[in-house]
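Q: Quick one: the structure is below, questions incoming.
What follows is calculated from the coordinates using simple rules that are stated; it is not laboratory data. This structure is a prediction, so every number in the text was calculated from the model and none was measured. Counting neighbours? That spans all protein chains shown, and the Cβs are built from the backbone with ideal geometry, glycine included.
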Amino acid sequence: MVILVHYAEIGLKGKNRPFFEKKLAENIKSALQDAGVPADVRCLPGRITAEISDNADKSTICGVLDVQFGAASYAFAESTGTSFGDIKHSAEKLIAKESGSTFRIAAQRGNKKYPYTSQEINEKVGEHIVRTLGRKVDLTKPDITCFIEIVEDTAFLYTEKLRGPGGLPAGTGGNALALLSGGIDSPVAARLVQRRGVSVGYVHFHSYPYTDRSAIGKAEKLARILQKYQPPSYLYLVPFAEIQKLIVNSPVPEPLRVVLYRRTMVKISQRAAEKEGASALVTGESIGQVASQTLENVAAIGDAADMPILRPLIGFDKEEIIAKAREIGTYEISIKECSDVCSRFVPKHPATKVRIADVRRAELEIGTERLVSEALKRSERNKLR
């Protein structure tokens with residue numbers, strides 16, 4: 001059996017295309033191997049093939065390819081020679097297995113030296129099916145579509161095309177560290193960045209032992225779901241309640257607290273990112289969603305970092321984010337109630353237009369750099385597979 005994997009955006013990469021093709025092929029081979037499905041994986045013009053045992057479990061293979069960024073679609077295909085006799089015979093066998101009275105042939109001639117055009121292949125193979133199987137042609141809404149792809153000296157035939165996640169292969173876009181709160185937004189933000197080929201690590205700020213471990217449990221479950229899309233990664237668990245208490249008990253004006261919390265988280269996350277060789281942070285911020293996410297406050301929080309902060313949800317509304325969370329399977333976990341790290345110390349009226357000069361001054365009074373170093377010493381780093 002042959003798995004035929006198609007890509008989309010990779011085909012636009014020009015001279016860099018072989019790099020992306022090779023990485024996708026490597027990722028597919030490694031993931032299949034880890035799933036107990038040895039495969040001979042090859043790069044062919046415009047597609048990737050994985051030759052596997054005929055008795056390999058298809059559901060296992062789908063579980064691998066459904067989370068393989070870079071794969072736009074895939075199919076379980078039959079392969080044969082490119083002689084017309086071989087193609088007609090394979091198409092007949094394939095269609096005979098399918099239920100339905102109508103069909104169409106959809107040929108694609110990747111090998112332009114092949115003596116027949118795609119339309120001629122459609123007509124000749126279709127005529128053969130009508131004659132041998134008695135099926136009727138329906139080009140609009142057929143019961144069966146038989147796809148035929150001629151690539152180099154091989155013809156691939158299949159009747160079902162399965163959707164892949166698209167995007168770019170994991171490992172082609174560098175490394176980033178995502179701030180994973182346990183809410184709805186941050187897992188979606190991490191997932192969107194992963195789709196661009198970025199390998200993501202995670203950092204979660206918690207209030208344990210002042211609260212129970214429910215928030216930590218949520219973060220761990222969310223990280224495991226996201227982990228399916230990339231090579232082994234890590235999750236930092238950072239105790240944050242003591243830092244919040246120090247800020248609350250300091251002379252800093254109460255309305256500034258939320259932005260100060262966020263800036264401190266960013267500073268800690270950047271330190272962790274630097275240790276891991278990550279070159280950007282990822283957050284789930286969306287303009288205007290909460291008080292800390294006005295343009296002024298987003299700017300004040302971003303000022304705390306010396307590396308880029310990626311905010312893939314910045315223009316999304318809440319319904320769009322929820323829909324995406326449902327799609328990727330994180331929503332039901334995210335909405336479970338738990339003790340949030342900031343809820344115990346949130347001011348009644350947080351500032352919505354913080355000035356950067358004011359929060360910088362407040363940080364000097366508090367001694368934020370010392371707090372950052374202490375928090376990192378107390379943090380846990382857990383491996384994710």
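Q: So what's the net charge close to residue 329: Lys and Arg +1, Asp and Glu -1, counting the other residues with Cβ under 12 Å from its Cβ?
A: Neighbourhood net charge equals +3.
Q: Please compute the contact order of segment 2-163 in relative form: average sequence separation of alpha-carbon pairs under 8 Å and at least six residues apart, divided by the residue count, as a percent.
A: 25 percent.
Q: Sticking with this structure for a sec: Tell me, what is the percent relative contact order of the chain, built from C-alpha pairs under 8 Å that lie six or more residues apart?
A: Taking the mean separation of contacting Cα pairs over the length of the chain, I get 16 percent.
Q: Among 98, 374, 21, which one shows the biggest mean-square fluctuation in a GNM of the chain, springs joining Cα atoms closer than 10 Å?
A: Taking springs between Cα atoms under 10 Å, the residue moving most is 98.
Q: So how do 358, 54 line up by other beta-carbon neighbours within 10 Å, fewest first? Could you put the intermediate results ahead of the total?
A: Values: 358 17, 54 5.
Least crowded to most crowded, the residues run 54, 358.
Q: Can you put 368, 283, 60, 102 in order, fewest other beta carbons within 10 Å first?
A: Taking fewest neighbouring Cβ atoms as first place, the list is 60, 102, 368, 283.
Q: Which percent of Cα-Cα pairs in segment 117-247 sits in each 5 Å bin, short to long?
A: 2, 8, 14, 13, 9, 7, 7, 7, 7, 7, 6, 5, 3, 3, 1, 1, 0
Q: Right, here's the next one. Would you mind telling me which residue in 230, 119, 68 has the biggest mean-square fluctuation in a Gaussian network model of the chain, where springs connect alpha carbons within a distance under 10 angstrom?
A: Maximum among the listed residues: 119.
Q: Now for a separate question. Take the Cα radius of gyration of the chain and divide it by 2.2 N^0.38 Å, with N its residue count; two decimals is plenty.
A: That works out to 1.25 for the chain.
Q: Hey, with R₀ at 25 Å, roughly what FRET efficiency would residue 336 and residue 385 work out to, going by the Cβ-Cβ distance, to 0.05?
A: 0.60
Q: Same structure, new question: At a temperature of 20 °C and a viscosity of 1.002 mPa s, determine how fast segment 2-163 diffuses translationally according to Stokes-Einstein, using the Kirkwood radius over alpha-carbon pairs as Rh; express D in µm²/s, rounded to the nearest whole number.
A: Rounded, D is 129 µm²/s.
Q: Moving to a separate point now. Which of the lysines could a cross-linker span from residue 15 if the Cα-Cα distance has to be under 24 Å and same-chain partners fewer than 8 positions apart are dropped?
A: Partners found: 23, 29, 112, 113.
Q: In nm, to one decimal, how far is the modelled label at residue 127 from the one at residue 361, with both set 7 Å along Cα→Cβ?
A: 8.7 nm
Q: When N counts the residues of segment 265-385, how does its alpha-carbon radius of gyration compare numerically with 2.2 N^0.38 Å, as a ratio?
A: 1.18
Q: Let me ask something additional. Using a 10 Å cut-off around each Cβ, can you sort 259, 37 from fewest to most neighbouring Cβ atoms?
A: Ascending number of Cβ neighbours within 10 Å: 37, 259.
Q: Give me the distance between the Cα centres of segment 22-44 and segment 94-166, rounded to whole Å.
A: Cα centroid of segment 22-44 versus Cα centroid of segment 94-166: 27 Å apart.
Q: Further question: Can you tell me which aspartates and glutamates have their Cα less than 16 Å from the Cα of residue 141? Leave out same-chain residues fewer than eight positions away.
A: Cross-link targets: 98, 160.
Q: Further question: Relative to the first principal axis of the alpha-carbon coordinates of the chain, what is the inclination of helix 368-378, with its axis defined by its Cα atoms, in degrees from 0 to 90 and to the nearest 10?
A: Approximately 60 degrees, to the nearest ten.
Q: OK, next. If I stretch the segment between residue 305 and residue 30 completely, what's the gain in nm (0.36 nm per residue apart, minus their alpha carbon distance), one decimal?
A: Length difference between fully extended and current span is 95.5 nm.
Q: Continuing with the same structure: Please name whichever of 169, 184, 38 sits farthest to the positive end of the charge dipole of the chain, dipole taken about the Cα centre and charges placed at Cβ: Lys and Arg +1, Asp and Glu -1.
A: Projecting each Cα onto the dipole axis, the largest value belongs to 184.
Q: Test of understanding: in a Gaussian network model of the chain with alpha carbons linked when under 10 Å, which of 289, 227, 270 would top the mean-square fluctuation ranking?
A: In this elastic network of the chain, the residue with the biggest mean-square fluctuation among 289, 227, 270 is 289.
Q: Suppose only helical runs count, i.e. DSSP H with n ≥ 4. What mean residue ellipticity at 222 nm does that imply for the chain under -39500 (n - 2.57) per run, divided by all residues and rounded to the nearest 500 deg cm²/dmol?
A: -12000 deg cm²/dmol
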